[in-house]
Amino acid sequence: MESRSDDEGGTGPGTDLIQAGYALAGGDGCIAQARRDAADFLTRARDERGVDVSSRAMDLTRLVVSELVTNVRKYAPGPALMQLRVTGAMVEVVVRDSDPTVPVAGTADPARIGRHGLEIVQAVAQDLAVERRPDGKRVIARIVLADPPGGDAAARRPR
């Protein structure tokens, strides 16, 4: 993992930009490896930089990484990259691939088997964005790192 600090954007523990990038190998173990990479990244941010990372944020980040990397493995040909960034009170999970097709979450259908990944990410992330790029697309999910005051883990920005 490579991480770097940019001095733009604040002072004190956890306010500098911390980021790491990973090439997604595409083999059978790449989804599990991406989850491990995400957990290691957040553990290092917590232990080495003093970032407040709740257990909930750790679990949700692994879940989001799993769903987004699974989508890349299933639907996007070619190389893919994952970038993790701690920016202020959030972790951003950015997954880039070479397919310009913008994914769309399906309508709720309890009878549908599979294809719920984007719905899951929308439900647990503070924010989800998809950006079409000349070389494909990037999907960005943002997850709040600390538990909100009062323990309301479901507190989110209204959509």
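Tabulated results
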{"quantity": "Condition met for A108 (modelled with pLDDT under 90 and crowded, with 20+ Cβ neighbours inside 10 Å)", "calculated": "no"}
{"quantity": "Residue count, segment 124-159 (criterion: surrounded by 14 or more Cβ atoms within 10 Å (Cβ to Cβ), at pLDDT 90 or above and not in a strand (DSSP E or B))", "calculated": "5"}
{"quantity": "Restricting segment 21-33 to residues that are hydrophobic (A, V, I, L, M, F, W, C) and touching a Lys or Arg at 6+ places or on another chain (Cβ under 9 Å), the residue that is farthest from I140 (Cα to Cα)", "calculated": "C30"}
{"quantity": "Neighbours by Cβ (under 9 Å, 6+ apart or cross-chain): first from segment 128-143, closer than 15 Å to V104 by Cα; second of a type in the set (D, E) and part of a loop (DSSP other than H, G, I, E, B)", "calculated": "K137/D99"}
{"quantity": "Segment 25-67: number of residues that are closer than 13 Å to L145 by Cα, without any contact (Cβ under 8 Å) to a residue 40 or more places away in the chain and in a loop (DSSP other than H, G, I, E, B)", "calculated": "1"}
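The values are calculated or read from the model by the stated rules, or taken from the named source; none is laboratory data. Everything quoted here is computed from the prediction, not taken from an experiment. Reconstructed Cβ throughout: ideal geometry from the backbone, glycine too, with neighbour counts over all protein chains shown.
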